[in-house]
1. Please report, in whole Å, how far the alpha carbons of the stretch 110-193 spread along each principal axis, starting with the longest.
2. Grab the eigenvalues of the alpha-carbon gyration tensor for the stretch 20-158, scale each by 5, take roots, and send me the semi-axes largest first in whole angstrom.
3. Relative contact order for the chain: what percent, with Cα pairs under 8 Å and sequence separation of 6 or more?
4. Set the Förster distance to 35 Å, then compute FRET efficiency between residue 188 and residue 53 from the Cβ-Cβ distance, nearest 0.05.
5. Pick from 41, 222, 60: which is most flexible by mean-square fluctuation in a GNM of the chain where alpha carbon atoms under 10 Å apart are linked?
6. Can you pull the three principal axis extents for the Cα set of the stretch 76-154, in Å, largest first?
7. Whole angstrom only: what separates the Cα centroid of the stretch 171-214 from the Cα centroid of the stretch 1-41?
8. In nm, give the distance between the simple-model label positions of residue 124 and residue 104, each being 7 Å from the Cα along the Cα-to-Cβ direction.
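Please treat every number below as a calculation from the coordinates, not as lab data. This one's a predicted model, so the numbers in the text were calculated from it and none came from an experiment. Glycine also receives a Cβ, built like all others from the backbone with ideal geometry; neighbour counts cover every protein chain displayed.
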Amino acid sequence: MVKYSIVVPAYNEEETLELFYNAATPVFDRLNAPFELIFVNDGSTDKTQEILQRLAKADNRVKVCRFSRNFGQQAALLCGFAESSGEAVIAMDADLQDSPETALKMIEEWQNGYEIVHGKRRTRQGESAFKKRTADLFYKTASKLTGLSIPQNVGDFKLYDRKVVNAILSMPEHDRLLRTQTSWLGFKQTYVEFDRPERVAGKTHYTLKKMCKLAQSGILPNAETGSWFSLKASLLLGVASVACFITFIVLACLGIAFGGLTAWLFTTVGLCSSVILFGQGLSNIKTAMIYREVQNRPNYIVAEKLTFDK
Ligand code: UDP
Ligand code: MG
């Protein structure tokens, strides 16, 4: 029988965990299939661990991992994946912003053959205009710099097929953001739309600083397209400067007055800058290549193998 794993990172979630458990378990019971609830306590300093211990004692479907300190939500998700044994793994927040009903819809899509199912936020309640704006900026910048197609308004609420979980576990990099990793991975992907309510209790753990760190981990390790920027700029500047030089020489030969010394000076600076930018561009591309080697991702991901008997 198919087994499902639900992975829930929890950092100082004493106010939400029981509410989550009481709301989620009856919904997942409707699956009439075995499931496990894996909570990863990400170095909480409140009563999170006590509550999780109590839940695990009362229900053997509850598994708990406690981190030695706060390593962050992405590390907690990775740990949950490594501990999971289900054929489909669903990552969701502990604060009921990711609804268990939507998770059931994701399971339907997985049964239809999709290997990654994203939870796409139709509306986002309780989030400041600033957070929405910066999130929007993140998706746009990330797609431009990485060259990956990163779905908009999608967070970490997702369903992953076992194959995808294994592929993620085969990526040994430290700076990681599942949102960009899943775009890099490929597989058959779809999404389920949902209205994201406010947190059921407590408050967000994402400060501006943490959000910037997340954006850095998501964008820079994949920013190969961005690394071409200096080289492209250098070529543009170089071509423009050479065109100016040629124009000036022609004008001088024809005895037509133009910008004089200042124009020559500007064009020379443009040409020199383009040479410097060219070197910088090559160096950026080389750095991105070195990063890719150090990152040590697999060269390819096999989604399916077919053998045909003659
Ligand atoms: N979380 C975590 N470690 C952290 C920050 C957050 O495990 O360092 C968990 C948190 O307990 C929650 C989920 O990640 O289950 C999302 O966090 P939060 O709700 O604070 O983020 P938001 O929904 O406001 O973006
Ligand atoms: Mg939340």
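1. Over the stretch 110-193, Cα extents along the principal axes are 37, 29, 20 Å.
2. On the way: eigenvalues 145, 80, 45 Å².
Here the semi-axes work out to 27, 20, 15 Å.
3. Details: 481 pairs, mean separation 56.0, N = 310.
Relative CO of the chain lands at 18 percent.
4. Details: r = 39 Å, r/R0 = 1.11.
Approximately 0.35, to the nearest 0.05.
5. Largest GNM mean-square fluctuation: 60.
6. Principal extents (largest minus smallest coordinate, Cα): 37, 31, 27 Å.
7. Comparing the Cα centres of the stretch 171-214 and the stretch 1-41, I get a distance of 18 Å.
8. 2.7 nm
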